[in-house]
1. Taking the number of other C-beta atoms within 10 Å as the exposure measure, put 59, 51 in order starting with the fewest.
2. Angle check, please: helix 15-71 long axis (alpha carbons) against the longest principal axis of the chain (alpha carbons), in degrees 0 to 90, nearest 10.
3. Between residue 37 and residue 124, with labels modelled 7 Å along Cα→Cβ, what's the label distance in nm to one decimal, could you check?
4. Running a GNM on the chain with Cα contacts under 10 Å, which residue among 81, 93, 47 ends up with the highest mean-square fluctuation?
5. May I ask you to derive the relative contact order of the range 59-137, considering only C-alpha pairs under 8 Å and at least 6 residues apart, and to give it as an integer percent?
6. Given the chain, what whole percent of its Cα pairs are spread farther than 26 Å?
7. Calculate the FRET efficiency for residue 132 and residue 89 from the Cβ-Cβ distance with a Förster distance of 35 Å, rounded to the nearest 0.05.
8. In the Gaussian network model of the chain, springs joining C-alpha atoms below 10 Å, which of 25, 57, 120 carries the largest mean-square fluctuation?
């Protein structure tokens, strides 16, 4: 005669529900973690865009100074607002003092500053402006 072991199922009621709940909890935590990483990446990209725009604004300020110094050797600087196509308003500031041009651009709380030493030559306008050094800070 063959004997078979009979397994008791007395303590197994509800185990499938517990396993399903833990699986659902794990999947939910995974989705939340992936969404968080995606949000962080988007913020990093936005910060980079603001930083690049601020650098370009500061660069444009140096170019504005060179243009104005060619016309007027005593030009001392300016500032102004710039609106990008995305609608964000930004501003720049240019100062000229003692052979140095300092330009700063600000976008979305990010400020970039560029300094340039220049030499001015010529008897009358349009003067020749030569940039001797260029330092991004």
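Read-outs throughout are calculated quantities, based only on the coordinates presented, and are distinct from any laboratory measurement. These numbers come from a predicted model, not from an experiment. FYI the Cβ positions are ideal-geometry reconstructions off the backbone, even for glycines, and counts take in every protein chain you see.
1. In increasing order of surrounding Cβ atoms, one gets 51, 59.
2. With both axes taken from Cα atoms, the answer is about 0 degrees.
3. Simple spin-label model gives 6.8 nm for this pair.
4. 81
5. That works out to 27 percent.
6. Summing the P(r) of the chain above 26 Å gives 54 percent of all pairs.
7. It comes to 0.60.
8. Judging by the Gaussian network model, the answer is 25.
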